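Novice: The structure is given below, and queries will be raised subsequently.
What follows draws every value from the coordinates through simple rules; no lab data is involved. Computed from a predicted structure; not experimentally measured. Neighbour counts are summed over all protein chains in view; Cβ atoms, including those assigned to glycine, are modelled from backbone coordinates with ideal geometry.
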Amino acid sequence: MEREKRNDTSFSRKRSFTFGAYGSVDRFTCGDETRPESVEDNILNILDSPATENKPFLSASSNQRETELFEIIEKLQGSRIDEQRCEFPLPLKSQLLTIGGELPLILRSKSGGYWIDPPLERLVDVSLTSSSPHGLVPESYDIMERDGDAKIYHKFFHSRYHHSFTAVDLSLGPLVLSVCLEEEENKLRVILRLKECSLHGVFSLSLFSNIPSAVELAKMLCDKVTVSKFEVVSYLKAPELITAFDEHRVSPNFKFGILYQKDGQFTEEDILSNNEESEEFKEFLSILGETIQLQGFTGFRGGLDVCHGQTGSEAVFTSFHDREIMFHVATKLPFTEGDPQQLQRKRHIGNDIVALVYQEGQTPFLSDVIKSHFLHCFLVVRRIQREEDTGEAAYQVSVTAREDVPPFGPVLPDPPIFTDCSLLREFLLTKLINAEISCYKAERFSRLELRTRSSLLESLRAELSTRSKCMMEDPSLSALPTTEGVRGASEGSGGFIENFKRAIRVRSHSFETLGVPRKIGGVASQKPKTEKDGESDKPPGPLPTDSLGATEPKDQASPQEET
């Protein structure tokens, strides 16, 4: 008995349970060991203390002991729960966000790669009762210019006496230099065209004792120029060719897709299969533009058939600040029974760079639901109910674009709700145009743009050089066979223009660059003229707005390569 008592004294069992993902651990501790008491030990001490049997009521010390017990239990549970907290991954977290009890207009894709404006985290408090003004004044809606310097030559050089020069630099490639003397302002204006860009400079004549040479002027704009000589351009129609090159990215025409998303529709197939248009959707289309008959339409057609009705009978068209806009409305494009992908519709919308999504219901739009190499930005609009029953519509707007698309204006109001239809129209059309211009700065389009510009610049330099030698009756060229460019000029259209149009049509380099097999369907020049081939109803001079699209193939799901 004495030995057992001694063992009980030297060893006392204290229970300590650790709660967590791995169950509980029951520990034995040595009675002689001194250590600070943990929260678990305090609980066990209270539980193991003998109850007072002699007292008929609870004493103050027992009440205090019970209070301490519950406080310790609460602290223990709170610390254990906090230790197991974690952040939801962003896609899952986004799906839990609501807007005034409603789902957001846009959700990020699982794979990411898109930005959303306004950010989902900022949409929690959005409501129609907000005191913030709905929308900005139209004067603040500025339309971006795709190339602000494109018209400098036409404005300052074309109508004035000036000289142009050409050269080939070993490191920079083809160069085209234009120099204009503005004697009334005592200035010298210079433009140097490179493969990557055009450099523009204005120099005061007081800086020079003599007018600098073409080589010196070129090096003043770009210190990487290594040529020692420029050729003088003497071709009489050179200004027209140079203007066409400088303004090849400028176009007053735009085309955008319009998708109709009903409640419960998440997939591309569901959205593209809608045929019926609700009265609310028709009202929204009337805000954007006028529903026109395609048959015999003479305005900008945006690649739609205006002769044989192969792209439907109706479309939505509008003019906006000296620009013509054609909308590819999914519900108005041909519907094909038995085709879940609706390739006849995606043929047009999938080749657009920006699309507008009109939502009916509370189903969010997934950023990457429409598979396309072209579509880089979506504007999503949802009609919402106003708390006061005035009969007027209110529209909520959100924007999503690929990560490499820089932000663009106009800025969404806070909250992003419009109650004035005229203000909504002004905002959406400006936002659509700016979205397309901003999308051209994305990696895919900028890469294509650089290749297109390089090809056109080399064609321009060769054309100017050849024509200038012909003007000077170079005997070395008189015996040479007539080239395609010369033949084109003799027929009344400059060879550069022919090369210009051919550079837009030929798409083989794009297919090789992107690793997409090209479908063999005939020579490019023998294909029917379609918008995706870059031959819209725009004039042959400036490069069409969708010329980059003409050289960029899209994913296999969309019919980018019809014969």
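Novice: Run the numbers for Glu145 and Ser109: contour at 0.36 nm per residue of separation, minus the present Cα-Cα distance, in nm.
Specialist: Stretched out fully, the Glu145 to Ser109 stretch lengthens by 9.9 nm.
Novice: Average projected area of the Cα convex hull of region 231-291, in nm²?
Specialist: Across all orientations, region 231-291 yields a mean hull projection of 8.3 nm².
Novice: Let me ask something else about it. Exactly which trypsin sites (Lys or Arg not before Pro) in region 371-437 are in a DSSP loop and have at most 15 other Cβ atoms within 10 Å?
Specialist: For trypsin sites (Lys or Arg not before Pro) across region 371-437 that sit outside H, G, I, E and B with at most 15 neighbouring Cβ atoms in 10 Å, the list reads Lys371, Arg386.
Novice: Another question, then. Longer than 21 Å from Cα to Cα, which of Lys195/Lys371; Lys262/Lys346; Lys110/Lys255; Lys332/Lys431; Lys110/Lys371 are they? Say none if no pair is.
Specialist: Among Lys195/Lys371; Lys262/Lys346; Lys110/Lys255; Lys332/Lys431; Lys110/Lys371, the Cα-Cα distance tops 21 Å for Lys195/Lys371; Lys110/Lys255; Lys332/Lys431.
Novice: Using only the alpha-carbon atoms, what does region 193-335 span along each of its principal axes? Please give whole angstrom values in decreasing order.
Specialist: Answer, in whole Å and largest first: 74, 35, 26 Å.
Novice: How much FRET efficiency would the formula 1/(1 + (r/R0)^6) give for Ser319 and Glu71, where r is the Cβ-Cβ distance and R0 is 45 Å, rounded to 0.05?
Specialist: Between Ser319 and Glu71 the formula returns 0.05.
Novice: Bin width 5 Å, alpha-carbon pairs only: give the P(r) of region 405-444 as whole percents, running from 0 to the bin holding the largest distance.
Specialist: 6, 23, 27, 21, 13, 8, 3, 1
Novice: Figure the gain on full extension for Ile152 and Thr336 (residue separation times 0.36 nm, minus the Cα-Cα span) and round it to one decimal in nm.
Specialist: Answer, rounded to one decimal: 61.4 nm.
Novice: Right, something else. Over 18 Å between Cα atoms: which of Lys187/Lys237; Lys237/Lys469; Lys151/Lys441 fall into that group?
Specialist: Lys187/Lys237; Lys151/Lys441
Novice: Enumerate the residues in region 393-408 having an amide nitrogen under 17 Å from the point lying 7 Å beyond the Cα of Cys421 toward its Cβ.
Specialist: Zone members listed by number: 393-396.
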